[in-house]
Amino acid sequence: MYERVMNKESVLVVFSGGQDSTTCLFWAKHNFKKVYALSFLYGQKHENEVELAWEIARKAKVEFEVMDVSFIGKLGHNSLTDTTMIMDMEKPADSVPNTFVPGRNLFFLSIAAVYARERGINHIVTGVSQTDFSGYPDCRDAFIKSLNVTLNLAMDEQFVIHTPLMWIDKAETWALADQLGVMDVIRKETLTCYNGIPGDGCGHCPACKLRREGLEKYLKSKNQ
Ligand code: ZN
């Protein structure tokens, strides 16, 4: 019987070059011998995030590849891919914010699993967090666990999806970056901003707000 030997020392990180997935990239480097990073072009308005991601991956000396899945941006309407839409600054009471890209994490993780399988990797890392999930259903733990089971059934494999940030908030994510010794890289070289500005970003979009409040909370707790 054909048996695939999975390399337990390798890991694949779903990597956007933002604060969360970059923290996960260094977490992966800390916990695994060989790290692969996979980025996606999904029709996002600010495609420079992929170039910044490549730069971080290059400096971190990890394997890096970009997948073009720009059909995702054409499937559903959202303000991260549609230049004519005005971005929700807060989560509406009765729905998800229009920055939610329907299916994004489902597609990314499914593609990542196939990519990983081809390379004999069964460990996959994603930077989703239920604590600071901005109302995105595909950042929740139940979805990740469910998809993990589905991917295993789909390919008859034993994937393990790691979510180091699932139960921590943005302040604790900064703390983790600090513990990993990459505070400077995360502060200066990552792009979290929905307006496409690296580092501290535009300062007023929901992603910048969450990032800055987390940083302020962490620095305050550190100095106490
Ligand atoms: Zn911003």
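Restricting to the range 197-224, name every residue that is surrounded by 16 or more Cβ atoms within 10 Å (Cβ to Cβ), more than 8 Å from the ligand (Cβ to nearest atom) and either of a type in the set (Gly, Ala, Ser) or not in a helix (DSSP H, G or I) (or both). Across the range 197-224, the qualifying residues are PRO198, GLY214.
Take the range 173-196 and flag every residue that is more than 10 Å from the ligand (Cβ to nearest atom), out of contact with any Gly (no Cβ under 8 Å at 6 or more places or on another chain) and not hydrophobic (A, V, I, L, M, F, W, C). Break it down into steps so the answer makes sense when it comes.
At the first step, the residues of the range 173-196 found to be more than 10 Å from the ligand (Cβ to nearest atom) are 173-190.
From what's left, out of contact with any Gly (no Cβ under 8 Å at 6 or more places or on another chain): 175-186.
Listed by number, the residues that qualify are ASP178, GLN179, GLY181, ASP184.
Scanning the range 9-28 for residues that are buried (at least 19 other Cβ atoms within 10 Å of the Cβ) and over 14 Å from the mean Cα position of the chain (by Cα), we see that the one that is nearest to PHE107 (Cα to Cα) is VAL11.
Does the range 74-94 contain at least one residue that is modelled with pLDDT of 90 or more, surrounded by 14 or more Cβ atoms within 10 Å (Cβ to Cβ) and in a helix (DSSP H, G or I)? Lay out the reasoning, then the answer.
Going through the range 74-94, the residues modelled with pLDDT of 90 or more turn out to be none.
No, every residue in the range 74-94 fails to be modelled with pLDDT of 90 or more, surrounded by 14 or more Cβ atoms within 10 Å (Cβ to Cβ) and in a helix (DSSP H, G or I).
Residues in the range 54-82 that are in contact with a Phe, Trp or Tyr (Cβ under 6 Å, 6 or more places away or on another chain) and hydrophobic (A, V, I, L, M, F, W, C): TRP54, ALA57, PHE64, MET67, VAL69, ILE72. Against the test of being surrounded by fewer than 16 Cβ atoms within 10 Å (Cβ to Cβ) and outside any loop (DSSP other than H, G, I, E, B), the options ALA177, ALA154, ALA171 yield a single qualifying residue, ALA154.
Within the range 138-146, is even one residue in contact with a Lys or Arg (Cβ under 9 Å, 6 or more places away or on another chain) and under 20 Å from VAL96 (Cβ atoms)? Among the residues of the range 138-146, at least one is in contact with a Lys or Arg (Cβ under 9 Å, 6 or more places away or on another chain) and under 20 Å from VAL96 (Cβ atoms), which makes the answer yes.
The values are calculated or read from the model by the stated rules, or taken from the named source; none is laboratory data. These figures come from a predicted structure and were not determined experimentally. Heads up, the Cβs are rebuilt from the backbone with ideal geometry, glycines too, and the neighbour counts pull from every protein chain shown.
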